[in-house]
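The values are calculated or read from the model by the stated rules, or taken from the named source; none is laboratory data. Since the structure is predicted, the reported quantities are computational estimates derived from the model, not experimental observations. Ideal geometry is used to build each Cβ from the backbone, glycine not excepted, and the neighbour counts take in all protein chains shown.
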Amino acid sequence: MKKTLLALAVPALLMAGSASAATVYTAEDGSTIDVYSRLGFNITDRAGMGEDDDAVGNFDARIGLGGSQVVNDKVSVIGWAEYQVNAAEARGNGDWSPRYVWAGIDASEAGKVTFGRVASGIIMLSDVGDVFAASDVLIGRQLELVDNSAAQTFRQDGTIQYQNSFGAFDMSVAYILGNSASDQDGSYNAVGRYTFDMGDAGQLIPIVAYQANSTGDNAVNPDADYTFWGAGLQYKLNALTLGAMYNQDEIEGVYSDKSTDKSYELTAVYNINDDWTARAGYRALENTGGDEAEYKDTTLEIQYHLTERSSIYTSYVMRNGENGDALVPSSNVMSWNNAEEDYYHLGLRYEF
């Protein structure tokens, strides 16, 4: 019985960002093989800095494979590899790039340890604002300047992470070794989330997160220091989810001065019925001492559910920010993300 429960629980633990993975094989001892795939086509007039804002069509895809091997009634070996093509992190050049590549041990009540390019616990915080199909997440955007393997704070190479839940409290701590090029030196993060269940009045969910990175002499930007902290709050009541988040990150050793991002986000998601979901949000980010960029985005989005896992999205993003300047082009993080031009997004997404 315990093996069966463990086998059912492991796929849910595996799929940060891939919650609809399907178990395609289950052994007699409860070991599983799980597969996830997402295919999408998007039409948008979004453009990077200095690019024409003509409408284009882009295909993107994600595919993941993983599973669990049962050791005993409390312990399983787990792993996951997920890649994407033609998505934002691949910068549209068609190359496959890794999202998550890790192996680990799930020890049931004792928690889960994963090693590699893991799904960072900071996703618990970023999910407060990461609710749209169209708009990008800016949280921790400067981290790539101290770790060239980093996708903001969501995933970094060479991470050792421990996660567990104690009743209504979820926690995550990680030590980040980085890879041979990023040369991390004493980098780590910690996240905590608590769910207050108020019965008919809904749920109130506060989240706090902190991360610190330092680089060694062999990094692209040697002897640089980066810190990130943020706090968020979600309120859930039936079909409505409201979110608010503030975060700040600072980097020293890249620009001539300390570069600081200060950002807040407000989001609302309402499931109108089984077919329709509406979303709205506002985001403001201001940098001082670095590229001096500003983001002021208002996003409106409607989702139509064709099936349980496949949808059509239509969005409009009103932008009133400034792209700012960088000391060198490589330091202008998210140069593909034009803060000054509105854009629309129409997409079809199929998941299995």
Check whether at least one residue in segment 120-138 is farther than 18 Å from Arg155 by Cα, touching a strand residue (DSSP E or B) at 6+ places or on another chain (Cβ under 9 Å), touching a residue at least 12 places away in the same chain (Cβ under 8 Å) and among the aromatic types (Phe, Trp, Tyr), and report yes or no.
yes
So which residues in segment 14-34 are within 22 Å of Phe115 (Cβ to Cβ) and either modelled with pLDDT of 90 or more or in the same structural domain as Ser311 (by TED's automatic domain parsing) (or both), if there are any at all?
Ser31, Thr32, Ile33, Asp34
Subset of segment 250-288, residues exposed (fewer than 14 other Cβ atoms within 10 Å of the Cβ) and among the aromatic types (Phe, Trp, Tyr), comes to Trp276
Residue that is nearest to Ser97 (Cα to Cα), among those in segment 141-152 that are assigned to a loop (DSSP other than H, G, I, E, B) and not polar (S, T, N, Q)
Ala150
Of (1) closer than 20 Å to Gly121 by Cβ; (2) without any contact (Cβ under 8 Å) to a residue 40 or more places away in the chain; (3) of a type in the set (D, E, K, R), Asp249 satisfies all except one. Which?
(2)
How about segment 189-205: which of its residues are in contact with a strand residue (DSSP E or B) (Cβ under 6 Å, 6 or more places away or on another chain), surrounded by fewer than 20 Cβ atoms within 10 Å (Cβ to Cβ) and more than 20 Å from Leu138 (Cα to Cα)?
Gly192, Tyr194, Thr195, Phe196, Asp197, Gly202, Gln203, Leu204
Is there a residue in segment 198-216 that is without any contact (Cβ under 8 Å) to a residue 40 or more places away in the chain and either of a type in the set (Lys, Arg) or within 26 Å of Thr314 (Cα to Cα) (or both)?
no
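Which residues, taken from segment 153-182, are outside any strand (DSSP E or B) and surrounded by 21 or more Cβ atoms within 10 Å (Cβ to Cβ)? Let's see the steps before the verdict.
Here is the first cut: in segment 153-182, the residues outside any strand (DSSP E or B) are 153-154, 156-158, 167-168, 177-182.
Hits for segment 153-182 are Thr153, Phe154, Gln156, Asp157, Gly178, Ser182.
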Cβ pairs under 7 Å, 6+ apart, first in segment 312-335 and of a type in the set (A, V, I, L, M, F, W, C), second assigned to a helix (DSSP H, G or I) and at pLDDT 85 or above:
Val333/Arg141; Val333/Gln142; Val333/Glu144; Val333/Leu145; Met334/Arg141
Residues that are crowded, with 19+ Cβ neighbours inside 10 Å and β-branched (Val, Ile, Thr), drawn from segment 298-328
Thr299, Val317
